[in-house]
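Coordinate-derived values only; no laboratory data. Worth saying up front: this structure is predicted, and the values here are computed from it rather than measured. Cβ atoms come from the backbone with ideal geometry, glycine included; neighbour counts cover every protein chain shown.
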Amino acid sequence: MRCMETLRHELAAAAARLVVEEGLDYGRAKRRALSLLGAPQRTSLPDNDLIEREVRTYIELFCADTQPGELLALRRLALLWMERLARFRPHLSGAVWNGTATRRSDIHLQLFCDDPKSAEIALIDQGLHFEAHSVPGFNGDTADALSFTSPCPELGEPIGIHLMIHDHDDLRGALKPGTDGKPRRGDASALAVRLAATEAHA
């Protein structure tokens, strides 16, 4: 019988493969990995930090030739949308921000609005068709989200864009670093710095 620590790492590795190859979010990837490995439903799941480390390892082993270029294209597209939505104080999070994105990854932007409906109106004014739904927010709350696709000429396919709508007052808390001391999200200026670094290594 596998020890719990070994199983946890096997789950993390399986989830990482699903994240990279199928573009699943960490939560769905963990649950699918649990099923694929035939592990008991009560099995303790790996945390997101371990998943991210396994994602980086998988990319280094299997996607080293293609991932830098794909990340570059996604960061350029993210910056384009951040400039279009600048009045809503957009901050990028997720795989495109932390550098683990591939062409299967979506772009996640967090908007900090004085009026939650203003972002929705802005998309309508641009003639965009989007889906409105709810997602987990900060501190256990829920947040409104707007999802649509945007062409990515560099990748030759549409990319999912998800806008999470938060109150302007949530911005200060959102800028706190994660447990590893690294920022979990960044504004357009911070992304531009990372984009320049990506261009230098692509």
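Taking the Cα atoms of the chain, the ratio Rg/Rh between the radius of gyration and the Kirkwood radius comes to 0.98.
V96 sits among other residues whose Cβ lies under 12 Å from its own Cβ, and their net charge, with Lys and Arg +1 and Asp and Glu -1, is +4. Take the Cβ atoms of E21 and R42, set R0 to 25 Å, and the FRET efficiency comes out at 0.40. Entry note, the range 67-201: relative contact order of 30 percent, from Cα contacts under 8 Å with a spacing of 6+ residues.
Compared with the alpha-carbon gap, the fully stretched path from S118 to H9 is longer by 34.9 nm at 0.36 nm per residue.
Neighbour counts of C-beta atoms inside 10 Å place H201, H91 in the sequence H201, H91, starting with the fewest.
Taking Cβ atoms as reference points and 13 Å as the exclusive limit, the residues near C113 contribute a net charge of -4, counting Lys and Arg as +1 and Asp and Glu as -1. Per-residue ellipticity at 222 nm from helix content only, as computed over the chain with -39500 (n - 2.57) for each DSSP H run of at least four residues, stands at -15000 deg cm²/dmol.
Taken along the Cα-to-beta-carbon direction at a fixed 7 Å, the label points for E131 and T149 span 1.1 nm. Among C113, C152, the order by Cβ neighbours within 10 angstrom, fewest to most, reads C152, C113.
In loop segments of the range 67-142 as defined by DSSP, there are no trypsin sites (Lys or Arg not before Pro) with at most 10 further C-beta atoms inside 10 Å of their C-beta.
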